[in-house]
Structure formats: C-alpha cells, structure tokens
Amino acid sequence: MKNYILGIALIGLSLKGFSQDATKGKGVYTKTCIACHQATGAGIPGAFPPLAKSDYLNADVNRAIKQVIKGSNGTITVNGKKFTGAMPPQALSDQQIADVLTYVYASWGNSKKSVTVAMVKAQRK
Ligand code: HEC
C-alpha cells in the first residue's frame with residue numbers, strides 16, 4: 001500500500017515536471033525579459049514593443065515561440081506602432097521558454113494560451 005501511494009506521488013511529480021508553469025515562468029521573465037519588456041509588459045515606446053495586450057503576440061503562438069528562440073531584427077508592428085530594434089536569440093531551455101511564454105500569455109490582458117514543451121520543440125526544427 002505504501003509503495004502504491006509513493007508510486008502515485010512520483011507519477012504526479014513527473015507529470016508536473018513536464019508541464020508548463022507560469023510561476024516558474026515569472027522567474028524566467030524577471031531574469032531574462034524584464035530589462036527590455038518591463039515588469040508591466042508595457043515595453044518602452046520607440047524601443048521595445050509591449051507584451052501587454054499585444055496583438056502581435058496573441059495573433060500567432062508559434063511566431064511568438066520562434067521570436068524567443070531566434071530573436072529578430074526586422075521591422076514589426078505591434079498594436080499599430082512600428083519597432084525596428086533587435087531582440088537577440090534567448091538562450092533558454094524548451095522548458096524555460098514554455099514557462100515564460102505561458103506566464104506572458106497569462107498576464108496583462110493576454111489570451112491565456114498555454115505553451116507546452118512539445119510546442120517549443122516543434123519550432124526548434
Ligand atoms: C535586449 C532586449 C530584449 C530582451 C532581453 C527580450 N526582448 Fe523581446 N523584443 C525586443 C525587441 C527590440 C523586439 C522587436 C524586434 C524587431 O523589431 O524585430 C522584441 C519582440 C518580442 C516579441 C514580439 C513582439 C510583441 O511585442 O509581441 C515577443 C513576443 C517578445 N519579444 C518576447 C520576449 C520574451 C518572452 C523575452 C524573454 C525570454 C524577450 N522578449 C527578451 C527586445 C528584447
């Protein structure tokens with residue numbers, strides 16, 4: 001009986017290990033994204049685009065995943081404003097990217113999409 005309970009607990013733990021986690025994502029955000037996109041997700045006008053209520057972010061989750069993996073340096077339009085800066089590729093694990101984007105989508109009026117590790121892996125190819 002004890003082993004049975006332990007087994008269930010271990011399965012629970014390992015499932016948790018594989019799922020995305022907005023709380024951990026907040027930690028990644030605070031270390032990695034905050035300098036440019038700011039604590040409120042508002043960005044800095046003319047320099048760093050907003051993640052808060054971002055039409056660009058909410059329109060296409062795979063594009064957002066690629067943005068974090070590869071960065072970009074073209075011109076993009078977010079909520080009607082043009083941005084021409086560069087975002088460097090972010091050296092994060094698949095799990096960290098799933099967590100941070102799940103946090104971003106869960107915050108500041110965004111669409112509450114969950115980003116899984118499998119979704120991140122698919123965009124690495
Ligand atoms: C050094 C500054 C910098 C850092 C650090 C940074 N970004 Fe960006 N980010 C930018 C810039 C600049 C753009 C616009 C790039 C362009 O014009 O091609 C951008 C664009 C984006 C976009 C698409 C546009 C939008 O506003 O919806 C997303 C999503 C995004 N960043 C998420 C993140 C996440 C998540 C992190 C942390 C893992 C992060 N960024 C870290 C500067 C940064």
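Laboratory data are not the source of any read-out in this text; all were calculated from the coordinates shown. Owing to the predicted nature of the structure, the values given are computational and were not obtained by experimental measurement. FYI the Cβ positions are ideal-geometry reconstructions off the backbone, even for glycines, and counts take in every protein chain you see.
Observations
- Farthest positive-ward along segment 10-118 dipole, Cα basis, beta-carbon charges - from Gln67, Ala39, Thr116: Ala39
- Summary value for segment 73-125: 25 percent relative contact order, contacts being C-alpha pairs under 8 angstrom separated by 6+ residues.
- Kyte-Doolittle mean at least -0.5 and Cα axial length at least 20 Å: DSSP H helices in the chain: 2-18
- Relative contact order of the chain, taken over Cα pairs closer than 8 Å and 6 or more residues apart, is 30 percent.
- Listed by chain and number, the lysines whose alpha-carbon sits under 28 Å from that of Lys112, ignoring those within fewer than 8 places in the same chain, are Lys16, Lys24, Lys26, Lys31, Lys53, Lys66, Lys70, Lys81, Lys82, Lys121, Lys125.
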